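A.B. asks: Quick one: structure below, then a few questions.
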Amino acid sequence: MTNLKAVLFDLDGTLTDSAPLICNALHATMLEKAGLDMPPQSFMPCVGPPLHQSFARMGVAEEQIEDYIGDYRTRYLQVMDQTPLFAGIDRTLKVLKEKLDVPLLVATSKLTHLAQEVCDNLGISPIFDRVCGANTDTMHSSKALVVADALQYLYDAGVLAQAPNAHATPQAPDKEADFRDDVVMVGDRIFDIEGAGAHNIRTVLVQWGGAPKSEHDLAWATVASQEELVGVLCSLKG
């Protein structure tokens, strides 16, 4: 038996099949603002990290990024309420809530109020003890900060005995590292692995999010189905 006390879940690509909506909005923004006409699916690497980082990696000048983010968000907000859950996720979350009997939290790079709205619209908010997201779109926003916020909530609630390091930086942990056993992250991209790794938290990577195999190899564990996910998490509870 282990000491599992909480589970953190990424949102986009892990719980919600939001990639098509995000990629279409990014495609429209880059076409309008930069004249870049690329297939929407080519923007898949941008699903996960903070928007500021994504636009910077696409070569947008620093002084123009906020303008690009504004254009993207205008387009995305028009379709955000169409965001679907991956089939069966709502049932899987309910099963985990019952079987694990520990706090479940969302930890996403999406802005907190938008993440909360998505969860509310999908009817999954009651399953989670808290929805933690980014507070800004700046380059200094990272998954490590979001995870720190989630850990701080758990510490303040008396679930965890130690406060998090609010200044931890994202890093891919050694799979053989001596991970803490009280918290686990469930995500779909390297950003989840690195954000959790900053706090010595292991990540279970779901394969339905579309991450490349190279990212799977960095995760503590990978699962190909929701049934596998339930099995892995329940094994951590003992």
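The values are calculated or read from the model by the stated rules, or taken from the named source; none is laboratory data. All of these numbers come straight from a predicted model, not from anything done at the bench. Positions of Cβ are backbone-derived with ideal geometry, glycine not excepted, and every protein chain shown enters the neighbour counts.
A.B. asks: Could you please give the count of residues in region 196-214 that are surrounded by fewer than 22 Cβ atoms within 10 Å (Cβ to Cβ) and part of a helix (DSSP H, G or I)?
C.D. replies: 4
A.B. asks: Taking the stated definitions as given, is residue 106 in contact with a helix residue (DSSP H, G or I) (Cβ under 7 Å, 6 or more places away or on another chain), outside the structural domain of residue 52 (by the TED database), of a type outside the set (Gly, Ala, Ser) and not in a helix (DSSP H, G or I)?
C.D. replies: Values: in contact with a helix residue (DSSP H, G or I) (Cβ under 7 Å, 6 or more places away or on another chain): yes; outside the structural domain of residue 52 (by the TED database): yes; of a type outside the set (Gly, Ala, Ser): yes; not in a helix (DSSP H, G or I): yes.
Answer is yes for this residue.
A.B. asks: Right, next: Please determine, by comparing only the residues of region 217-238 that are in a helix (DSSP H, G or I) and free of Cβ contacts under 8 Å to residues at least 12 places away in the same chain, which one is nearest to residue 6 (Cα to Cα).
C.D. replies: 235
A.B. asks: For the subset of region 1-57 comprising residues that are under 18 Å from residue 83 (Cβ atoms) and among the charged types (D, E, K, R), which member is surrounded by the fewest Cβ atoms within 10 Å (Cβ to Cβ)?
C.D. replies: Checking each candidate, the answer is 17.
A.B. asks: With 156, 188, 149, 182 as the choices, which residue is acidic (Asp, Glu) and crowded, with 23+ Cβ neighbours inside 10 Å? Spell out the reasoning first.
C.D. replies: Numbers: 156 fails: crowded, with 23+ Cβ neighbours inside 10 Å; 149 fails: crowded, with 23+ Cβ neighbours inside 10 Å; 182 fails: crowded, with 23+ Cβ neighbours inside 10 Å.
That would be 188, the only listed residue that is acidic (Asp, Glu) and crowded, with 23+ Cβ neighbours inside 10 Å.
A.B. asks: In the set 136, 92, which member is closer than 21 Å to residue 189 by Cα, more than 13 Å from the chain's Cα centre (by Cα) and part of a loop (DSSP other than H, G, I, E, B)?
C.D. replies: Numbers: 92 fails: part of a loop (DSSP other than H, G, I, E, B).
Residue meeting the stated conditions: 136.
A.B. asks: Here's another thing I want to ask about it. Quick one: in region 54-84, of everything that is of a type in the set (Ser, Thr, Tyr) and modelled with pLDDT of 95 or more, which residue is farthest from residue 14 (Cα to Cα)? Spell out how you get there, then give the answer.
C.D. replies: Within region 54-84, the first condition is being of a type in the set (Ser, Thr, Tyr), and the residues that meet it are 54, 68, 72, 74, 76, 83.
In the following step, the residues that additionally are modelled with pLDDT of 95 or more were identified as 68, 72, 74, 76, 83.
Values: 68: 26, 72: 22, 74: 24, 76: 19, 83: 13 Å.
Result: 68.
A.B. asks: Return the residues of region 22-60 that are more than 18 Å from the chain's Cα centre (by Cα) and hydroxyl-bearing (Ser, Thr, Tyr); say none if nothing qualifies.
C.D. replies: 29, 42
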